[in-house]
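**Q** Take this structure first; my questions come after.
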Amino acid sequence: MKDIRSLTFEELKAEVSALNMPAFRAKQIYGWLHKTPVFSFDEMTNISKADRQRLGEVFSLDPMTIADVQISQIDGTRKYLYALADGNMIESVWMEYKHGNSVCISTQVGCRMGCTFCASTIDGLARNLTAGEMLAQVYAMARETGKKVSNIVTMGSGEPMDNYDNVCKFIRMVSDENGMNLSQRNITVSTCGIVPNIKRFADEGFGVTLAISLHASNDVIRRRTMPIANAFSIDQIMEACRYFFDKTGRRLTFEYALIKGVNDSAETAKELAGLLHGLNCHVNLIPVNPIKERDYVQTERAHVFEFQKLLEKYGINATIRREMGRDIDGACGQLRKHHLDEAKNKQ
Ligand code: SAH
């Protein structure tokens, strides 16, 4: 069955007409899917029972079943584990900031990029998520909290540039005025640096923020933690970033997880600053979140501040990311990993 949430307004209009339903139905249905989102056809109360039944025969609509949720007592951060229609599990996170509510969504079930510090990639890639499944995470969290979503980041599991078409479709749909109508400026797409797709992405005409997971100041350090560094050099990434900025005028973000003894020396800070010099960007520093499968250790707080100060001394704007939900299951991907391991142990 076709996933109805993944249909654009134009695609839905064509499907509705093929089912011999009146044309105005398409707008009503699209509204129920994307403006005041529901999770079953029966909730579409202004659609006749016969038409709801017909829709249910032809299309699927994932109810986004919550398999687990953890709520931080410190800052209200919520980590959701959703069970998808095919039984796969994905993680999404809800975060509340002064400037609004931010959701972090997954773009794939698992990941095949193999970054050594990341829990999402340990069991490899299961499959891509559809645009509808990315939208459903946003809608489901808004439904649960009863609050408005003001920002979206693709920092859950998966590599957005490895699921390129669906991620682009998601961006178009979530910013569509017939749907949620979220400004593209409030969307951040985070990538480990798949260079050809960054360039393609620059040409899409989006107004989103691009975040590059750099985590190193040179290729030797980067190859130690990120296998993608064997495919693309930092020089190639920088060239793609400059192209992205020229095309979009959007300031770039560089993510940098500080790992003790790996990428946190004073020389590294200097080298990083040299690399980013002249580019309109800022660096987001985060002490690496240790996962039990690796023995990486966080750079100490005081040293994180020093690293930040050094970058600023060399003229690079750097912030330290506030760690949200410190009291709930740590790093990204760990909630799902935990459930996968439990399921394996039961077999
Ligand atoms: N594939 C995308 C999205 C990944 S998750 C990307 O690579 O950008 C979002 C961010 O969290 C990335 O910067 C990723 O490198 C980082 N990350 C993953 N595991 C981490 C950990 N254990 N500690 C700190 N940051 C981590």
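**Q** Name the residues in the stretch 258-308 that are among the charged types (D, E, K, R), farther than 24 Å from Glu239 by Cα and away from the ligand (no atom under 16 Å from the Cβ), would you?
**A** Hit for the stretch 258-308 is Glu306, nothing else.
**Q** If Gly87 passes every condition in (1) small (Gly, Ala, Ser); (2) in the same structural domain as Leu12 (by TED's automatic domain parsing); (3) in a loop (DSSP other than H, G, I, E, B) but one, which one does it miss?
**A** (2)
**Q** Name the residue, out of Gly132, Gly114, that is of a type in the set (Gly, Ala, Ser), outside any helix (DSSP H, G or I) and either more than 13 Å from the ligand (Cβ to nearest atom) or in the same structural domain as Arg78 (by TED's automatic domain parsing) (or both). Quick ask: steps written out before the conclusion?
**A** On the way: Gly132 fails: outside any helix (DSSP H, G or I).
When all the criteria are applied, what remains is Gly114.
Okay, residues lined up against (1) small (Gly, Ala, Ser); (2) under 25 Å from Arg336 (Cα atoms); (3) out of contact with any helix residue (DSSP H, G or I) (no Cβ under 9 Å at 6 or more places or on another chain); (4) free of Cβ contacts under 8 Å to residues at least 60 places away in the same chain:
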{"residue": "Arg5", "(1), (2), (3), (4)": "no, yes, no, no"}
{"residue": "Val16", "(1), (2), (3), (4)": "no, no, no, yes"}
{"residue": "Met21", "(1), (2), (3), (4)": "no, no, no, yes"}
{"residue": "Ala26", "(1), (2), (3), (4)": "yes, no, no, yes"}
{"residue": "Ile29", "(1), (2), (3), (4)": "no, no, no, yes"}
{"residue": "Thr45", "(1), (2), (3), (4)": "no, no, no, yes"}
{"residue": "Leu55", "(1), (2), (3), (4)": "no, no, no, yes"}
{"residue": "Ser60", "(1), (2), (3), (4)": "yes, yes, no, yes"}
{"residue": "Tyr80", "(1), (2), (3), (4)": "no, yes, no, no"}
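**Q** Also: I'd like to verify a number: residues in the stretch 139-160 that are assigned to a loop (DSSP other than H, G, I, E, B) and more than 8 Å from the ligand (Cβ to nearest atom), how many? Break it down stepwise before answering.
**A** Taking the stretch 139-160 and keeping what is assigned to a loop (DSSP other than H, G, I, E, B), we get 146-150, 154-159.
Filter once more, so that each one left must be more than 8 Å from the ligand (Cβ to nearest atom): 146-150.
Number of matching residues: 5.
**Q** Report yes if some residue within the stretch 161-180 is near the ligand (Cβ under 9 Å from one of its atoms), farther than 20 Å from Val69 by Cβ, touching a residue at least 12 places away in the same chain (Cβ under 8 Å) and assigned by TED's automatic domain parsing to the domain that holds Gln298; otherwise report no.
**A** Keep residues of the stretch 161-180 that are near the ligand (Cβ under 9 Å from one of its atoms), which gives 161-162.
If we keep only those that are farther than 20 Å from Val69 by Cβ as well, we get 161-162.
Of the ones still in play, those that are also touching a residue at least 12 places away in the same chain (Cβ under 8 Å) are 161-162.
Now restrict to residues that are assigned by TED's automatic domain parsing to the domain that holds Gln298: 161-162.
Yes, there is a match, as at least one residue in the stretch 161-180 is near the ligand (Cβ under 9 Å from one of its atoms), farther than 20 Å from Val69 by Cβ, touching a residue at least 12 places away in the same chain (Cβ under 8 Å) and assigned by TED's automatic domain parsing to the domain that holds Gln298.
**Q** Would it be correct to say that Val220 is more than 15 Å from Tyr164 (Cα to Cα), in the same structural domain as Gly100 (by TED's automatic domain parsing), surrounded by fewer than 18 Cβ atoms within 10 Å (Cβ to Cβ) and among the β-branched types (Val, Ile, Thr)? Lay out the reasoning, then the answer.
**A** Numbers: more than 15 Å from Tyr164 (Cα to Cα): yes; in the same structural domain as Gly100 (by TED's automatic domain parsing): yes; surrounded by fewer than 18 Cβ atoms within 10 Å (Cβ to Cβ): yes; among the β-branched types (Val, Ile, Thr): yes.
Against the criterion (more than 15 Å from Tyr164 (Cα to Cα), in the same structural domain as Gly100 (by TED's automatic domain parsing), surrounded by fewer than 18 Cβ atoms within 10 Å (Cβ to Cβ) and among the β-branched types (Val, Ile, Thr)), Val220 qualifies.
**Q** For the structure I just gave you, tell me whether Phe201 is away from the ligand (no atom under 12 Å from the Cβ), at pLDDT 95 or above, surrounded by fewer than 21 Cβ atoms within 10 Å (Cβ to Cβ) and closer than 20 Å to Gln108 by Cβ. Steps first, please.
**A** On the way: away from the ligand (no atom under 12 Å from the Cβ): yes; at pLDDT 95 or above: yes; surrounded by fewer than 21 Cβ atoms within 10 Å (Cβ to Cβ): no; closer than 20 Å to Gln108 by Cβ: yes.
Criteria not met by Phe201.
**Q** Looking at Ile212 and the list (1) of a type in the set (Val, Ile, Thr); (2) under 18 Å from Gly132 (Cβ atoms); (3) within 16 Å of the ligand (Cβ to nearest atom), which single condition is not satisfied?
**A** (2)
The values are calculated or read from the model by the stated rules, or taken from the named source; none is laboratory data. No experiment lies behind these values; they were computed from the predicted model shown. Neighbour counts run over all protein chains shown; Cβ positions are idealised from the backbone, glycine included.
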